[in-house]
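See below for the structure under consideration.
The values are calculated or read from the model by the stated rules, or taken from the named source; none is laboratory data. What you are looking at is a predicted structure, and each value in this text was computed from that prediction instead of being measured. Methodologically, a virtual Cβ is constructed for each residue, glycine included, from the backbone with ideal geometry; neighbour enumeration extends over all protein chains shown.
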Amino acid sequence: MPSSRGRSSMSIDAARRRFLLEAPVLAAAVAACGPSEVAKHGAGAESTRVAQTAQPHPSQNADSRTDTSLHHAMPATSAQSGATTAASAIAYHRSDPTLPPLSRERLTRLHFTAKETPIRVTGDTVVAAWTFDGDIPGPIVHVRQGDTVEFTLTNEGQIPHSMDFHAAQIDPKTAFRSVMPGQSVSYSFKPKYAGAFLYHCGTAPVLMHLGSGMFGAIIVDPPTPLPRAKDLVFVQSEFYLGPPNGGIAPFDYNKMLGTLPDLVAFNGRPAQYQAEPIHVTRGELVRMHIVNAGPTNPCAFHVVGEQFDTVYLGAPPGNAIHGVQTYNVAPGGGMIFEMRAELPGEYVFVNHAFGHGQKGAIGTIIVDE
Ligand SMILES: [Cu+2]
């Protein structure tokens with residue numbers, strides 16, 4: 001057997017190309033955004049306002065996708081032994097749930113890239129993901145109500161993609177239009193309301209694009225900040241997977257239509273915060289921004305052994321309810337849950353629709369002395 005090191009990057013690229021080309025749903029996706037779409041939204045319609053490289057903005061938690069704390073801790077499994085070198089070379093990383101700090105600037109420039117790339121979501125599962133900036137979920141964005149967000153999406157994939165920000169009020173036919181491979185779209189918006197909002201690819205079939213990993217969270221602060229807290233962001237999503245091909249599992253559109261997921265996760269990795277819990281300090285206010293990417297099922301958010309002092313249903317600090325045990329976050333929705341960590345211990349947070357908790361929508365917060 002040749003050394004995996006000597007051939008890794010070429011094998012990964014080759015495997016990506018082969019896999020993406022072989023995935024049958026690609027043909028359907030291209031057809032769904034076919035010649036008429038190209039004609040309507042072709043090169044002439046694209047913005048030329050594209051930055052040279054995608055640098056993380058200060059209010060964008062680039063590290064939400066690159067926490068490497070578990071890179072060396074993931075054991076090899078029997079499922080991996082049969083995978084190709086390319087699939088086995090794809091490293092696992094835990095997603096950092098920390099909300100990035102708010103910038104002092106009132107203008108936030110974001111430049112995302114749409115990429116189709118394999119991602120290891122558990123020790124023995126690599127998925128053929130469609131992503132923003134190469135991971136599931138995309139970067140966590142943090143802005144303030146009324147700020148200006150200047151956004152550009154560059155499509156580095158092989159099929160059309162687009163971006164739909166739920167924090168925006170804008171003509172979707174223009175701003176959220178699909179862009180062809182190699183092209184870009186730009187638009188600006190000012191979030192009218194504070195809250196925890198979803199963003200996602202809206203290219204048809206939306207179920208396939210959203211269900212294959214093209215989503216993330218934008219957190220919008222009110223003009224007067226909420227009380228200081230440990231701010232965490234959890235984006236729930238479902239995985240519907242087909243049989244692995246070369247060690248990489250494709251997303252299965254028919255399974256998505258069937259709405260029974262194989263895995264459910266917070267921040268793209270099933271049960272990652274059980275494997276490596278989140279630590280908070282006794283007495284700390286813990287604020288959890290829960291965004292549900294779905295694509296189909298709700299998230300009955302609950303913390304075992306705790307009660308939520310406040311749940312902001314939307315537009316915080318308004319719409320607050322108190323003394324809550326569990327609350328459903330709809331697919332396509334986002335809410336803010338607060339609890340005070342008064343007693344040391346291990347507190348499991350879970351989607352209390354327990355079939356989905358069991359499939360990975362679960363984690364642990366440890367309250368330290
Ligand atoms: Cu897409």
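Some points to look at:
- Of all residues in the range 253-275 being free of Cβ contacts under 8 Å to residues at least 60 places away in the same chain and surrounded by fewer than 20 Cβ atoms within 10 Å (Cβ to Cβ), the one that is farthest from LEU207 (Cα to Cα): LEU260
- Verdict on ALA271 being hydrophobic (A, V, I, L, M, F, W, C), in contact with a helix residue (DSSP H, G or I) (Cβ under 9 Å, 6 or more places away or on another chain) and either under 17 Å from PRO97 (Cα atoms) or modelled with pLDDT under 95 (or both): no
- Highlighted here are the strands (runs of 3 or more DSSP E) found entirely within the range 88-181 that include at least 1 residues which are out of contact with any strand residue (DSSP E or B) (no Cβ under 6 Å at 6 or more places or on another chain) and touching a residue at least 24 places away in the same chain (Cβ under 8 Å): 107-122, 125-132.
- Residue check for GLY202: outside any strand (DSSP E or B), surrounded by fewer than 24 Cβ atoms within 10 Å (Cβ to Cβ), more than 14 Å from the ligand (Cβ to nearest atom) and among the small types (Gly, Ala, Ser): no
- Counting only residues that are within 16 Å of the ligand (Cβ to nearest atom), small (Gly, Ala, Ser) and more than 21 Å from the chain's Cα centre (by Cα), the range 142-190 holds 1 of them.
- Residue that is surrounded by the fewest Cβ atoms within 10 Å (Cβ to Cβ), among those in the range 352-369 that are assigned to a strand (DSSP E or B) and over 17 Å from the mean Cα position of the chain (by Cα): ASP368
- The set of residues in the range 279-304 being closer than 21 Å to GLN325 by Cβ, within 19 Å of the chain's Cα centre (by Cα) and surrounded by fewer than 21 Cβ atoms within 10 Å (Cβ to Cβ) consists of PRO298, ALA300.
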